[in-house]
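Data first, discussion second: the structure below is written as structure tokens.
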Amino acid sequence: MNKNIGFLLFVFIAVLVLLSASSSAFNLYIDWLFFEETGFSTVFSTTLSAKVKTALAFSAVFLIYYLVNIFAANRTDFPLRNLHIFGDTLNPVQTLTVDKPVKLISIAAGFIIAVLVALFGASKWEELLLFINRIDVGMRDPVFSRDIGFYLFTLPVINTLKSFVTLTVVITAAATMLNYFLRGGVSISERSVSLHPGVRKHVGVMGVLVFGILALNFYIDAYRLLFTGNALIFGAGYSDIYAKLFTLRLLVVLTAATCVFFVFALIKGKYRWVVVPAFITAIVYAGGMIIYAPLLQKFKVAPNEIDLERPYIESNIKFTRFGYDLNRIEVKPFDVAYKLDAEDISKNDATIKNIRLWDNSPLLRTYSQLQQIRTYYKFIDVDNDRYFINGEYKQVMLSPRELSYSDLPSKSWINERLVFTHGNGLALGPVSSITTEGLPEFIIKDIPPVSTADIKVSRPEIYYGEIPNDYVIVKTKVQEFSYPTANENIYTKYNGNGGVELSSYFRRSVFATKFNTTKILLSSDITPQSRILLYRNINERIAKIAPFLLYDSDPYMVVSGEGRLFWIIDCYTISRNLPYSSPYSNNFNYIRNSVKTVIDAYNGDIKFYISDPEDIMVKVYSRAFPGLFSPLSEMPPDLKRHLRYPQGMFEVQARMFASYHMTDPKVFYNKEDLWEVPSYSDKPMEPYNTIMKLPGESKEEYILLIPYTPSKRDNLAAWMAARCDMPDYGKLIVYVFPRDRLIFGPAQINARIDQDAYISQQITLWGQVGSQVIRGSLLIVPIEDSLLYVQPLYLAASDKVGLPELRRVVVAYENDVVMEENLELALQRLFYKGREVPVSAEKIAGQVQRSPDTLAKDAMRVYEKALQMQRQGDWAGYGEQIRELGQILNKMSK
């Protein structure tokens with residue numbers, strides 16, 4: 001009977017291990033093929049080696065410790081003892097009947113748990129690599145005077161080892177005591193717990209280890225004080241240093257002493273020797289951590305907080321500014337003087353023409369209806385970039401046209417995996433140009449891509465994108481769908497080198513197993529030259545190779561000089577282990593945008609470029625993974641021109657700088673100059689890109705901008721700009737407004753727009769006739785030493801398929817607010833005051849002056865639309881069309 005039980009246990013464990021191993025082997029082989037395809041096989045081998053080493057080390061240590069204790073327990077016999085629980089005899093059966101099964105199960109459980117421990121160990125491979133390749137930062141903490149590298153690379157490993165040792169001792173103790181209990185070594189009654197002498201000694205040995213773990217915990221907790229937070233700062237404060245730190249150091253000594261007493265108690269058999277030191281340890285912990293520290297804070301620190309906490313506030317400011325790279329932000333004054341005139345507007349023509357009038361959300365809806373072409377194509381995002389177009393530096397909006405597999409009209413394995421394999425091209429247009437119908441103008445549109453400028457797309461196929469899809473198979477006997485025309489569908493063949501070659505039936509069987517389909521194995525359309533494209537979602541693709549990086553949520557597409565399509569993704573190195581640095585959203589307290597990743601949308605080729613070689617973390621990752629990263633100088637120039645300062649990083653830095661621009665501890669303590677990112681219409685303002693001439697600079701450049709307001713106030717305090725063009729890429733500048741005058745903030749301008757009788761009346765009328773008025777983002781545009789405020793207004797049918805049209809532009813300057821059909825007319829009203837618009841201003845915001853024939857056609861179109869609205873009883877719309885007709889006739893009369 002006992003032999004049968006043992007055999008069944010062995011078979012059960014063997015089956016579990018075999019199933020787990022076979023599944024892991026399949027996935028491992030596929031991963032190896034993927035890493036071979038992408039050229040990062042050394043990354044695969046390094047990662048696998050680290051996982052195997054940590055898994056084996058953790059599981060081996062656990063298993064040795066566990067089995068030593070279990071074998072020691074199994075060697076102790078308890079013949080003819082009854083099992084008692086709370087005074088009731090469970091069963092007067094001799095323990096010999098359950099002795100062997102318990103012993104076998106205890107041993108088998110150790111092997112099962114060892115597998116789980118191995119998985120835990122394998123998950124810590126990154127910590128191991130960082131520890132092995134650690135470097136000194138050259139900056140020390142103010143309490144223990146340790147190099148910051150200790151906290152970034154060594155302390156996490158110590159914490160993991162502490163958790164592992166605790167887990168090992170607790171699990172082993174539980175299994176051992178259960179073994180003793182089931183075999184009769186422990187009896188429990190209402191009055192007492194009775195332990196066999198052999199059990200008592202064993203428990204004593206494990207007790208020594210428990211106090212040893214407690215001593216290690218208290219030792220590590222001393223370092224963890226640098227990561228505690230309070231209402232004032234993040235990091236250890238006065239009471240932490242002078243109460244908690246002293247107590248923790250004393251507790252380390254006391255628990256170590258308790259261990260010594262435990263050893264003597266084991267030798268002498270007098271376990272009461274342990275009670276006194278253990279009791280003293282508990283009293284010291286309660287007195288120091290729970291009672292003394294709060295009392296010290298309340299009665300000594302609180303009345304003298306600014307003086308006693310000053311050095312710790314300084315540390316918090318210093319390390320937080322380091323953690324978020326705020327020290328390189330240059331602060332400059334911006335003395336606002338509203339002296340803009342027509343000549344200044346003409347002089348800043350490039351800035352004016354690149355004011356973004358199209359917001360992402362309405363433009364995405366418009367692109368989807370005008371350029372989606374077929375239901376199975378989809379635009380999922382609109383990106384902002386800049387190009388030299390016909391020799392002119394222009395800001396553009398673009399959106400890739402990807403294939404949406406969920407919207408295919410006929411879903412079958414052949415269609416989804418062999419025929420419909422890729423998206424096609426993109427829509428691209430200026431940020432401010434509009435047609436007479438209020439729709440965006442296009443520079444690139446349609447399928448195949450048609451360009452009206454010198455920017456061309458020669459390879460429009462998008463095999464790798466943002467829309468998830470498991471796999472497709474290319475270079476098969478089946479032709480791939482390319483694009484539809486009016487009369488027929490056009491087909492193509494993949495000519496790239498992406499994917500894994502299905503060169504053997506073994507490979508086909510592996511992928512058939514992976515994707516749970518026999519069609520990969522049995523299909524006659526697949527040849528030895530066919531290739532299976534894996535990890536086609538670009539975020540998943542790069543995360544598979546470098547999972548230790550944090551990836552920006554907004555990848556963007558770039559058209560190269562040769563007309564190929566590439567994705568650029570900003571990558572971040574982060575850490576939660578920088579002492580005294582305040583965490584951002586409790587996620588990290590150190591961040592750098594140190595890597596730019598480029599992915600070929602056709603081949604899937606990946607390159608990781610280091611954009612911040614001074615970053616500590618990327619230096620260590622480069623040591624751990626030689627050959628993974630390339631210097632930024634190796635990036636092709638036609639791609640480097642499109643690098644953007646990432647909005648995610650900019651938002652983090654902007655929000656941290658709102659508090660940590662205050663470097664004086666007293667000012668920081670009193671929050672005398674606290675800023676915040678402004679909100680209006682109940683939503684926080686987001687950073688936005690623009691092309692403008694920074695104060696003191698001689699030419700326009702592409703920047704990322706966000707304003708600040710004083711905390712709980714609506715007026716402006718400053719604005720931050722991130723420069724994106726080479727050679728000034730990555731430089732951050734904050735322009736601070738004078739504090740002795742009122743500079744209107746976005747909420748105040750928004751209120752003034754609402755209070756304008758004519759504008760509010762028009763918005764109300766539009767919203768009452770089945771139309772939806774969409775108020776675009778309010779942009780603050782610095783020009784010379786003044787500020788322009790620009791907000792586009794869109795009109796769309798109130799149903800879900802309504803096509804947003806840009807119908808009005810609101811512009812505010814100083815105390816004036818105007819609303820016109822376009823930016824050009826609004827600026828004319830503000831700055832030209834009825835004078836003739838100079839030639840240099842004719843193309844403001846892309847609004848080209850029209851010929852008499854064009855104006856006549858516009859007049860007829862507006863007139864017909866007015867008659868249509870009259871017949872529908874839409875009198876508000878009729879009035880708008882008549883007003884627009886009057887403006888056209890006025891232009892024709894000049």
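Since every read-out is calculated from the coordinates, none of them should be taken as a lab result. All of these numbers come straight from a predicted model, not from anything done at the bench. Here the Cβ is made from the backbone with ideal geometry for all residues, glycine too, and neighbour counts use every protein chain on show.
Couple of notes before you dig in:
- Pair-distance profile P(r), taking every C-alpha pair of the chain, with 20 angstrom steps and integer %: 12, 33, 32, 18, 5, 1
- Gyration tensor (alpha-carbon) shape descriptor, region 592-634, a/c threshold 1.5: prolate
- In terms of Cα atoms, the Rg and Dmax of region 581-708 work out to 18.4, 57 Å.
- Over region 510-581: Rg over Rh, Cα atoms, Kirkwood Rh: 1.17
- Local net charge near LYS519, Cβ-Cβ under 15 Å (Lys/Arg +1, Asp/Glu -1): +3
- Region 293-337: C-alpha gyration tensor shape, a/c 1.5 cut-off, then a/b vs b/c: oblate
- Between region 664-741 and region 581-658, the alpha-carbon center distance in angstrom: 23 Å
- Dipole magnitude of the chain, debye to nearest 20 (Cβ charges: Lys/Arg +1, Asp/Glu -1, about Cα centre): 3780 debye
- Membrane-span-like helices of the chain, defined as complete DSSP H segments with a Cα extent of 20 Å or more along the helix axis and a mean Kyte hydropathy of at least -1.0, are identified as 2-38, 41-74, 96-122, 155-183, 197-224, 246-268, 852-872, 875-893.
- Shown here are the Rg and Dmax of the Cα trace of region 434-593, at 21.2, 67 Å.
- Distance from the alpha carbon centroid of region 275-301 to that of region 422-451 works out to 70 angstrom.
- Cα shape, region 366-406, gyration tensor, a/c 1.5 rule: prolate
- Diffusion coefficient, µm² s⁻¹, Stokes-Einstein with Kirkwood Rh over alpha-carbon pairs of region 659-759 at 10 °C and 1.306 mPa s: 104 µm²/s
- Charge context of ARG310, other residues only, Cβ under 11 angstrom, K/R +1, D/E -1: -4
- Summing charges over all other residues whose Cβ lies under 12 Å from the Cβ of SER659, with Lys and Arg as +1 and Asp and Glu as -1, gives 0.
- Model label zone, ASN304; criterion: amide N under 13 Å from point 7 Å along Cα-to-beta-carbon; scope region 234-263: 238-239
- For region 312-403, the orientation-averaged shadow of the C-alpha convex hull comes to 11.8 nm² (one quarter of the hull surface).
- Sequence-ordered 3J(HN,Hα) estimates for region 136-146 from the Karplus curve with 6.51, -1.76 and 1.60 and θ = phi - 60° stand at 7, 8, x, 9, 10, 6, x, 9, 9, 6, 9 Hz, glycine and proline given as x.
- Inter-centroid distance (Cα atoms) of region 745-775 relative to region 217-239, Å: 51 Å
- Extended-chain gain in nm, criterion 0.36 nm per residue less alpha-carbon gap, ALA543 and SER406: 46.9 nm
- Calculated diffusion of region 117-242, Stokes-Einstein form, Kirkwood radius summed over Cα pairs, 4 °C and 1.567 mPa s, µm²/s: 72 µm²/s
- Taking label points 7 Å from Cα along the Cα-to-Cβ direction, ASP446 and ILE280 give a separation of 9.1 nm.
- Of the trypsin sites (Lys or Arg not before Pro) in region 734-765, those whose Cβ has at most 11 other Cβ within 10 Å and which sit in DSSP loop: ARG739, ARG741
- Over 24 Å between alpha carbons, listed pairs LYS411/LYS493; LYS318/LYS666; LYS607/LYS693; LYS544/LYS596; LYS103/LYS162; LYS445/LYS477: LYS607/LYS693; LYS103/LYS162; LYS445/LYS477
- 16 Å Cα-Cα reach of LYS53 towards lysines, excluding residues that sit fewer than 8 places from it in its own chain: LYS124
- Given in Å, the Rg to one decimal and the Dmax to the nearest whole number for the Cα atoms of region 532-619 are 14.8, 49.
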